[in-house]
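To start, the structure itself, in structure tokens.
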Amino acid sequence: MRSPGDILLISCYELGHQPFQLASLLALLRQAGYAPLAVDTSVEPLSDEAIVRARFVAISVPMHTALRLGEQVARHVRLLNPAATLCFYGLYAALNASHLLQEIGDFAIGGEYEEPLLRLIAALERGGPIFIPGVSTKQAMSVPSITRPAFVLPDRRQLPALERYARLEWDGQARIVGYTETTRGCKHTCAHCPITPIYHGRFFAIPTEVVLTDIRRQVEQGAQHITFGDPDFFNGPTHALRIARALHHDFPDVTFDATIKIEHLLKHPHLLPELRDLGCAFVVSAVESLNDTVLRNLKKGHSAADVVAVFDLMEEVGIALRPSLMPFSPWETLDSYLALLAFFEQRHLIEHIDPVHFSIRLLIPPGSAILDAPDRALWLDKLDASAYTYRWHHPDPRMDVLQRVVAALVEQAERQHRDPIETFFSIKALALAANGQDMSVSSAIEYYGARRPIPHLTESWFC
């Protein structure tokens, strides 16, 4: 498989940024003497010619949305080129390996995927049986490889230009955004997180020079802002600050954003002013809910009071906090959902969050730590393998109905490019209606008053 195009690498969705999982794999394969073709179907077409020419096709599935899209691509590959070897790699490949291998794929790789995938290609070239740690086959499942890899510099030369991806909108300007990671895995074990059943609390720091060189190359390609996509930028705060300082030193006009846990923002408040001065435009944090029962069941490590304290802290420091939410879980109530909406309205924080976050429903992939919840018999249904999740029902049927109508509203609003403030109050009207109350959306918008421009990416953060 040494001829150009013999190996086809496909990404379908990586949250609106240039696909890191392609760039990382491209580097390792080229270093080993292969000539893969990479296609990001989120921004460019995948030609039938490329599919037919390929002998080995690897589809990146780091999240649920990517897997749903990746399955469609895989079925098209099977139709056009049934002789091609088909491999899924990424977090959701490992979690859903049983179904993927039964239905469509030949191999599935999770965890630290680059080196197992490279060994798989070499083994296929040699012929004979495949027994590679970290690689699941139709005949045998393997636990994901969680050993520190030999990190290589991502190779982005063949990928679509950064201009084709999400932008940072701030102060009336749209900035080109690059993306990189400073760590792999996560030392936290939130019960609903797909990283938990794969990494089990482990994480690896990527060498500083690898990260900085990757950033330099993206700046040369036009990046004016960098997203640090680690599950938690403060998994290693010393490592994170070292990289942020070097970024600011080399490119003082380049801004950045990062994802940091609520508990880490409270634990390291002394680092935040420097983070701001180094160019941090905003911080994403997985708040999920303001219901303490929900937060305990998700093992988030923070409380509703902590969230309030962090909003106050970030306001004082001068860094925008952009929370992500998952407000539909078995433990959320209609009252707590209404209280969540009231929190953002009364504190004038609606601009800090994309409306889609008020529609997100708990996903429970195979292997999820949520399956160990002590009250699961009250709400857990069977695995829907083709949907890559366990089904569950809310103890209060109103919440399931509300989630569906809110999701439909948000989807329509996105298509029609509606005002996010209007969408928020339309969501609130639906929630109040579920509780037998009504409201005037137009009056609520007028009462809310002036908007605050908050820096944000044009692609919302959710899986």
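Looking at the P(r) of the chain, how many percent of alpha-carbon pairs lie beyond 37 Å? Could you put the intermediate results ahead of the total?
Values: 28135 of 106953 pairs.
That fraction is 26 percent.
Think of region 286-445 as a dipole: +1 on every Lys or Arg Cβ, -1 on every Asp or Glu Cβ, centred on the Cα centre; then among 308, 401, 444, 401 lies furthest on the positive end. With the cut-off at 25 Å, tell me which of the pairs 261/382; 138/300; 267/428; 138/382 have Cα atoms farther apart than that. Check vs 25 Å cut-off fails for 261/382; 138/300; 267/428.
Of all DSSP bridge pairs formed entirely within the chain, close to 30 percent run antiparallel.
Would you mind giving the three semi-axes, in whole Å and largest first, of the ellipsoid equivalent to region 420-460 according to its Cα gyration tensor? All intermediate terms of the calculation are to be shown ahead of the outcome.
Working: eigenvalues 110, 39, 7 Å².
Square roots of five times the eigenvalues give 23, 14, 6 Å.
Placing one equal scatterer on every Cα of region 142-257 and applying the Debye formula, the log10 ratio I(q)/I(0) at q = 0.21 Å⁻¹ is -1.19.
Principal axis extents of the C-alpha atoms in region 20-78 (largest first, rounded to whole Å): 31, 26, 19. Normalised radius of gyration (Cα atoms, divided by 2.2 N^0.38 Å) for region 7-137: 0.94. Near the amide H of residue 113, within less than 5 Å, lie no amide hydrogens of residues on another chain or at least 5 residues away, with H placed in the peptide plane.
Just so you know, all these numbers are worked out from the coordinates, no wet-lab data involved. Predicted, not measured: the structure shown is a model, and the values here were computed from it. Positions of Cβ are backbone-derived with ideal geometry, glycine not excepted, and every protein chain shown enters the neighbour counts.
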